[in-house]
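Before any comments, here is the structure.
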Amino acid sequence: MQKHIIIVGAGIIGAAVAYNQARAGAQVTGVDAGQAGATGASIGWINASYYLNEEHYRLRVEGIAAWHRLEEAIDLPIEWSGSLCWEEGRLEARQDVLKRLGYSVEMIHAERFAVLEPHVGQAPEQSLLLRDEGVAEPAALAATILTHAQRIGARLMRGLNVKGLARDGERLYAIEADCSRCRVACSCGAIGP
């Protein structure tokens, strides 16, 4: 029996789950209220150079690898331009730690910085070049992934603010939402079994 999966929210995470579940053969329905969320508040910097501990670093490195794997299937609006970092007095220690972890990092000087970033007024004497980092506009990235999810069968319902889940014992059979058709909290069956 084919799984029917309801995903609440159509930001980056919801879009990625919808795409991967649809690709795996599930019947997918995404529900989104259309309000600003975490994706809209993100800067879209894809990196592993800032982390809490080594486990978090490894998770972020795997995140970079996951974006590259997804790019093999979808043309994503990600620019793998790398990034530059400069902090007074802490660069050497940071470079050493990142190198020990296996991250691509290089110390560069003002002349090379000025070539890479000619619009920065005063190039720092030293900075770190972090080659493997990328950037994407989060809303455009989520929209691209959602478009591909819909092409392979996912359905997206916008304008529904999910209030709860309708259950029959352990079985989830519908969502409870403010329905734009009914203008009241309803379980109108639009996303029922």
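If you go through segment 38-75 one residue at a time, how many are out of contact with any Phe, Trp or Tyr (no Cβ under 7 Å at 6 or more places or on another chain), aromatic (Phe, Trp, Tyr) and not in a loop (DSSP other than H, G, I, E, B)? The number of residues fulfilling the criteria is 2.
Quick grid of which residues meet (1) in contact with a Cys (Cβ under 8 Å, 6 or more places away or on another chain); (2) closer than 30 Å to Gln150 by Cβ; (3) at pLDDT below 95; (4) among the β-branched types (Val, Ile, Thr):
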| position | (1), (2), (3), (4) |
| --- | --- |
| Gly37 | no, yes, yes, no |
| Glu62 | no, yes, no, no |
| Arg69 | no, yes, no, no |
| Glu79 | no, yes, no, no |
| Lys99 | no, no, no, no |
| Tyr103 | no, no, no, no |
| Met107 | no, no, no, no |
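If you go through segment 9-24 and keep only what is among the aliphatic types (A, V, I, L, M) and surrounded by 16 or more Cβ atoms within 10 Å (Cβ to Cβ), you end up with Ala10, Ile12, Ala15, Ala16, Val17, Ala18, Ala22. Of the residues in segment 85-106, at least one is more than 21 Å from the chain's Cα centre (by Cα), surrounded by 14 or more Cβ atoms within 10 Å (Cβ to Cβ) and closer than 30 Å to Gly37 by Cα. Filtering segment 76-101 to residues that are part of a loop (DSSP other than H, G, I, E, B) and without any contact (Cβ under 8 Å) to a residue 40 or more places away in the chain leaves Glu87, Glu88, Gly89, Arg90. Condition first: over 14 Å from the mean Cα position of the chain (by Cα), under 30 Å from Gly159 (Cβ atoms) and open to solvent by 80 Å² or more (accessible area, probe 1.4 Å). Can you find one or more residues in segment 38-52 that meet it? No; the residues of segment 38-52 include none that is over 14 Å from the mean Cα position of the chain (by Cα), under 30 Å from Gly159 (Cβ atoms) and open to solvent by 80 Å² or more (accessible area, probe 1.4 Å).
The values are calculated or read from the model by the stated rules, or taken from the named source; none is laboratory data. Owing to the predicted nature of the structure, the values given are computational and were not obtained by experimental measurement. With ideal geometry, Cβ positions are generated from the backbone for all residues, glycine too; neighbour counts draw on all protein chains shown. Surface accessibility is based on the protein's heavy atoms, side chains included, excluding ligands, DNA and RNA. Shrake-Rupley method; radii C 1.70, N 1.55, O 1.52, S 1.80 Å.
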